[in-house]
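Q: Below is a structure I'd like to ask you about.
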Amino acid sequence: MKILLFLASLLSSSAMAAEIDTDRSVFNWKGSKITGSFHEGQLFPLSSSITIEDDKITGGEIVINMLTFTVTDIVDKERAPKFLRHMKSADFFNVEKFSTASLKLLSIENDTAVGNLTVLGKTQTVSFPIKKEGEKYVGKMTFDRTKFGITYKSGNFFTDLGDKVINDEIEVTFEIFIKG
């Protein structure tokens, strides 16, 4: 009898495991200075495992390949690679040592996601809006880079930087499509 009840509960559950459609999904990052100038680019998932229940994401994990992130606002062919090398250095994301970052979703309620973000081997809890628009899930996560040990030109850690201060908040906007 217990086996029948267990099987019935599995069949009645509408939860399904899925992956992000990396060909259609987009993850953009943006960092800015105190002056209002900014840089932006794209992030690329290395792997994903998403749980969907009743047409809503209810959990999962996304692993980002930090070796492949790009900058899209610098068009100068000499300046863009130099900027990326600096962003991938120990001043920022130290990708030689930490080649991935991840987000493990803990819960999503009332279009607000809560998850554990891991960057540079450090984990912090973040919350951000997420909602379904047609076939895709959209949202914007903002996190404080200094909580992960990225203090380069932070006005909270250094004085006398003037207009060279880099804001501590990094934005990641996303449009996620699910394979299927």
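The values are calculated or read from the model by the stated rules, or taken from the named source; none is laboratory data. All values derive from a computational prediction rather than experimental measurement. Quick reminder, even Gly has a Cβ in these numbers, built from the backbone with ideal geometry, and neighbours come from all protein chains shown.
Q: Looking at (1) in contact with a helix residue (DSSP H, G or I) (Cβ under 9 Å, 6 or more places away or on another chain); (2) more than 25 Å from S37 (Cβ to Cβ), which is the only condition S154 fails?
A: (2)
Q: Then there is this: Take the conditions farther than 19 Å from E53 by Cα, surrounded by fewer than 16 Cβ atoms within 10 Å (Cβ to Cβ) and not polar (S, T, N, Q) and apply them to L117. Does it pass?
A: no
Q: Could you figure out which of (1) surrounded by 13 or more Cβ atoms within 10 Å (Cβ to Cβ); (2) assigned to a strand (DSSP E or B); (3) not aliphatic (A, V, I, L, M) isn't true of K153?
A: Evaluating K153 over (1) surrounded by 13 or more Cβ atoms within 10 Å (Cβ to Cβ); (2) assigned to a strand (DSSP E or B); (3) not aliphatic (A, V, I, L, M) leaves (2) as the failure.
Q: Now a separate question. Report whether or not L117 is over 17 Å from L67 (Cα atoms) and of a type in the set (A, V, I, L, M, F, W, C).
A: So L117 fits the description; yes.
Q: Identify, please: which residue in the stretch 1-58 is under 17 Å from A101 (Cβ atoms) and among the polar types (S, T, N, Q) and is, among those, modelled with the lowest pLDDT?
A: Taking the candidates together, the pick is T22.
Q: Then there is this: Just for strands (runs of 3 or more DSSP E) wholly inside the stretch 26-107: which have at least 1 residues that are within 26 Å of L161 (Cα to Cα)?
A: 26-33, 38-43
Q: Consider only pairs whose beta carbons are under 9 Å apart and that are at least six residues apart or on different chains; among these, list those whose first residue lies in the stretch 22-39 and is without any contact (Cβ under 8 Å) to a residue 40 or more places away in the chain and whose second residue is basic (K, R) and in a strand (DSSP E or B).
A: That search, which allows pairs on different chains as well, returns F38/K30.
Q: Quick check on my filter: what residues within the stretch 112-135 are within 16 Å of G149 (Cα to Cα) and not in a strand (DSSP E or B)?
A: Matches in the stretch 112-135: L120, G121.
Q: Still on this structure: Among the candidates K97, K122, K82, K140, single out the residue that is exposed (fewer than 15 other Cβ atoms within 10 Å of the Cβ), in contact with a helix residue (DSSP H, G or I) (Cβ under 7 Å, 6 or more places away or on another chain), more than 21 Å from S49 (Cβ to Cβ) and modelled with pLDDT of 95 or more.
A: Exactly one of K97, K122, K82, K140 is exposed (fewer than 15 other Cβ atoms within 10 Å of the Cβ), in contact with a helix residue (DSSP H, G or I) (Cβ under 7 Å, 6 or more places away or on another chain), more than 21 Å from S49 (Cβ to Cβ) and modelled with pLDDT of 95 or more, namely K122.
Q: I150 - would you say it is aliphatic (A, V, I, L, M) and at pLDDT below 95?
A: No: the conditions fail for I150.
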